[in-house]
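J.: Encoded as structure tokens, here's the structure I'll be asking about.
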Amino acid sequence: MFSFPNLGINTPILNFLLVGVGGQGTILASNVLAELGLAFGHDVKKAEVHGMSQRGGSVISHVRWGEEVHSPIIAKGDVDILIAFEKLEALRFVDQLRPYGVIVINDHNITPVTVSSGNFIYPSDETIKEAIHEFTRRDYWVNGVKIAEELGNNKISNVVILGALCGLLNQDPESWFNLIAKKVPGKSLNINRAAFFQGISEIAKEH
Amino acid sequence: MKRLLSGNEAVARGAWEAGCSVASGYPGTPSTEIMETFALYPNVYAEWAPNEKVGLDVAIGAAYAGKRAISTMKHVGLNVAADALFYVAMTGIEAGLVIVSADDPSMHSSQNEQDNRQYAKFSRIPCLDPSDSQDARDYAIAAFNLSEQFDTPVLLRLTTRVCHTSGAVEVSESQANLPEPGKYPRNPLKYVMIPANARQKHPVIEARIAEIAQFAENFELNRVEWRDTDLGIITGGIAYQYAREVFPSASILKLGMVYPLPKKLITDFAAKVKKVIVLEELDPFIEDQVRAIGVNLFLHSEHDSREYPMTKSIFPVFGELNPTIVRKAAKRAGLYNGEIQDSDWKVDVQLPPRPPTLCPGCPHRSSFYVLNKLKVPVNGDIGCYTLGVAPPLSTTDTCGCMGASIGVAHGASVAGDKERHVAVVGDSTFFHSGIAPLINVAYNKSNVITIIMDNRVTGMTGHQENPGTGKTLQNQETVSLDIQALVRACGITKVLTVEAYDVDLIEKTLRQWLKEDGPAVLITKEECALLPAARKRYISLEVTDQCNGCTVCFRIGCPAITKSAELDPKYNRPLAEIDAALCTGCEICAQVCPRDAILFRNQMISKAN
Ligand SMILES: Cc1ncc(C[n+]2csc(CCOP(=O)(O)OP(=O)(O)O)c2C)c(N)n1
């Protein structure tokens, strides 16, 4: 059983859904989560759809931990933790959460072409927050891009978010970071480490 | 130790462990990573062939020569390779031959949905259908053994969800110890399919498939999992996972080999459960066969909707399954009483879609901008450049399968269509199946104008090498095909190669050619903007205060150009703005701007100094 009473989670299979936009490191983050699950001795499945994502589309990855995991896809309404690397994508997938599920949101927007061309409006922060609150109040916002930029590499907001998740689940940071370290280029190890721990302390602030 | 492998990585692993040493295929989602992974193993030969037909012929050639071989492709690739499939089904092989077809239910990145298990039945060869990464590795190994045991190619059929799901896999560190191949076979009765020999062969392969069906009765890949006997589920492939997820207490007959089927195993299973159903994705492939055996499947009364047509008794015949779809269908049939969390919960906000688009800096963009201005009918093809169909470029009128563009344009021309047709094709697609139709244009003298968009890579599927790039799959230097010389050799005399970013030259050339008669080929050449070498050249451009919001630059559909919040004081319309994080400095916008309000690269450089 996975029990996180403070997050309202008590389940035999822990379902993570990671969503973002091509180029945000969503896939790397889901690889880390899947490897972590395996390292902790769980059965693991990680499913993603490649293909058109490189061309500015949404990226979706399902990661499941459990004693025996069957379906690679998480059923609608069964997501325990939604990790959104972009705000609009958070809104697009929030209905996948189980009631009162947890959502970790990178407070960042990437304008889709349908908005830049003037055909659609990017919803305001208040609209997004309100809509998310219809589903859950367990929403955790982290400005991963700002933190990553301050550290000097705006590409590693995904690692900040992983840090936040680690903090939220009250996990051992070193065992998490060891795995991340294997997936990032050696020369950027220190800055990734800083990003990861910064993510942890951001969540501590929110609590 | 268990490793986390995707289904594709697991197939490559299994093939390697089975001692497969030759692989030839053509990229195509969701199959591509099998070759990319296999190519990295020691002591193997792996290549990208120009198309799937060539790839399969090569693998067949290696298997005739006594080496275990594999050929990989996406589902539609097997349509291209079908001619080869049918002869090798007749001849058999010397060493194991595995044909991998990766199907794409729900068409995540495909032009159609087809169930390639049908090809196994059609050509009388066995078909294995793994349901996760461990299966994928194990079945790849089993496929080679089966191939040699019965002297037949084996179809290893995957689906997107198996290809692109990672799971824990138990692997072996050692490879099968295979004998050295003997002398190349001189066996015309077996390998020369002239009618006299082929006629002898047909009864042989019918007997072979009957024999394999017999073998299937005790084949370890087909297994019964006894649980509650109220409900029995016959399933295979990815659907097995949904069966376990949705019906945890049901008994299951898992068919690892979905063709040919074990009659006795199925009837015995059906006899021991109260209700028996088939759970499978796409076609009623298992279902039809099970019915033909005479098993009474559980039916429910309503067969009326489009989603649940007559041909399948319970589950939808199109689209990928998932637990929610399976639960809903089962509920409808009275087989599931649980809650379905298909929340009427819906976000109440209008969500801007995020459709795929041509990337910032894409060298295809300029041609589509010009074609849009010229208003000619455009027969498109398959690749990144299919995105020319999307607004605001909106410049593709047809797109069917790889290589279709030039033939379809030629058809309109010989049919006497009053408008002049332009065919648009990418470099990899041209090598794949564009050359023969171009020869046809020259030979049969139509006036098609073809644009070959040479972005120096197979882009859509994630940057694979091809005969134009000068590199092989295993990273060897090689010849780089000269497209212009090839076009001339096809019999086309009017050929020009231009820089793909040169909007004016493309426009001038096409306008001139449209006035003249006869076929012509324009090659627009520029590296894909996502290639590492191209990335090094990125400079972001800027809009100056000359902009008056005229909107011309919006019409190129570049994600880096947005409408700013600032309005032009005179016309009260939004000014253009360039997102520095996205702009690559391709200068297409700067060229089309009528007021020179966008700085060119050299202006940016001198401004910086
Ligand atoms: C028969 C077949 N094989 C493979 C594919 C997968 N596929 C789609 S586009 C494409 C390559 C396109 O490359 P290219 O023509 O160079 O155009 P680019 O994407 O680089 O613009 C491939 C291999 C397919 N759709 N059909």
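J.: Go through (1) over 15 Å from B:Gly14 (Cα atoms); (2) hydroxyl-bearing (Ser, Thr, Tyr); (3) away from the ligand (no atom under 16 Å from the Cβ); (4) assigned to a helix (DSSP H, G or I) and name the single condition B:Thr152 misses.
T.: Condition (4) is where B:Thr152 drops out.
J.: While we're looking at this one, here's another question. Out of the residues in region B:561-579 meeting the condition of being in a loop (DSSP other than H, G, I, E, B) and within 12 Å of chain A (Cβ to nearest Cβ), tell me which one is nearest to B:Ala500 (Cα to Cα).
T.: B:Asp579
J.: Does region B:415-473 hold any residues that are assigned to a helix (DSSP H, G or I) and within 15 Å of the ligand (Cβ to nearest atom), and which are they?
T.: Correct list: B:Asp427, B:Ser428, B:Thr429, B:Phe430, B:Phe431, B:His432, B:Ser433, B:Gly434, B:Ile435, B:Ala436, B:Pro437, B:Leu438.
J.: Could you tell me which numbered condition A:Thr114 fails, if it satisfies all but one of (1) within 7 Å of another protein chain (Cβ to nearest Cβ); (2) assigned to a loop (DSSP other than H, G, I, E, B)?
T.: So A:Thr114 meets the others, but not (2).
J.: List the helices (runs of 4 or more DSSP H) inside region B:20-99, counting only whole elements, that have at least 2 residues being more than 16 Å from the ligand (Cβ to nearest atom).
T.: The qualifying helices (runs of 4 or more DSSP H) are B:32-38, B:52-64, B:82-91.
J.: For B:Arg327, work out the one condition from (1) part of a loop (DSSP other than H, G, I, E, B); (2) within 11 Å of chain A (Cβ to nearest Cβ); (3) surrounded by 17 or more Cβ atoms within 10 Å (Cβ to Cβ); (4) not β-branched (Val, Ile, Thr) it doesn't fulfil.
T.: Exception for B:Arg327: condition (1).
J.: In addition: Going through region B:381-435 one residue at a time, which ones are more than 26 Å from B:Leu78 (Cβ to Cβ), within 14 Å of chain A (Cβ to nearest Cβ), free of Cβ contacts under 8 Å to residues at least 40 places away in the same chain and open to solvent by less than 30 Å² (accessible area, probe 1.4 Å)?
T.: The one that is more than 26 Å from B:Leu78 (Cβ to Cβ), within 14 Å of chain A (Cβ to nearest Cβ), free of Cβ contacts under 8 Å to residues at least 40 places away in the same chain and open to solvent by less than 30 Å² (accessible area, probe 1.4 Å): B:Gly388.
J.: Looking at region B:182-217, which of its residues are open to solvent by 40 Å² or more (accessible area, probe 1.4 Å) and either closer than 19 Å to B:Leu146 by Cα or among the aliphatic types (A, V, I, L, M) (or both)?
T.: Residues satisfying the conditions are B:Leu189, B:Val192, B:Met193, B:Ile194, B:Ala196, B:Val204, B:Glu206, B:Ala207, B:Ala210, B:Glu211, B:Gln214, B:Phe215.
J.: I'd like the full set of residues that are under 19 Å from B:Pro130 (Cβ atoms), outside any helix (DSSP H, G or I) and among the β-branched types (Val, Ile, Thr), limited to region B:265-300.
T.: B:Val278
J.: So, one more: Go through region B:118-143 and give me each residue that's closer than 20 Å to B:Ala207 by Cα and either open to solvent by less than 20 Å² (accessible area, probe 1.4 Å) or within 16 Å of the ligand (Cβ to nearest atom) (or both).
T.: B:Tyr119, B:Ala120, B:Ser123, B:Ile125, B:Pro126, B:Cys127, B:Leu128, B:Ala143 - these are the residues of region B:118-143 that are closer than 20 Å to B:Ala207 by Cα and either open to solvent by less than 20 Å² (accessible area, probe 1.4 Å) or within 16 Å of the ligand (Cβ to nearest atom) (or both).
J.: Looking at (1) touching a helix residue (DSSP H, G or I) at 6+ places or on another chain (Cβ under 7 Å); (2) away from chain B (no Cβ under 14 Å); (3) among the charged types (D, E, K, R), can you tell me which one A:Glu174 breaks?
T.: Exception for A:Glu174: condition (1).
J.: Now for a separate question. Condition first: away from the ligand (no atom under 14 Å from the Cβ) and in a helix (DSSP H, G or I). Can you find one or more residues in region B:373-394 that meet it?
T.: yes
The values are calculated or read from the model by the stated rules, or taken from the named source; none is laboratory data. Nothing here was measured: the structure is a model prediction, and the numbers come from that model. Glycine also receives a Cβ, built like all others from the backbone with ideal geometry; neighbour counts cover every protein chain displayed. Each accessible area value is taken on the protein alone, full model and side chains, heavy atoms only, with ligands, DNA and RNA left out. Shrake-Rupley method; radii C 1.70, N 1.55, O 1.52, S 1.80 Å.
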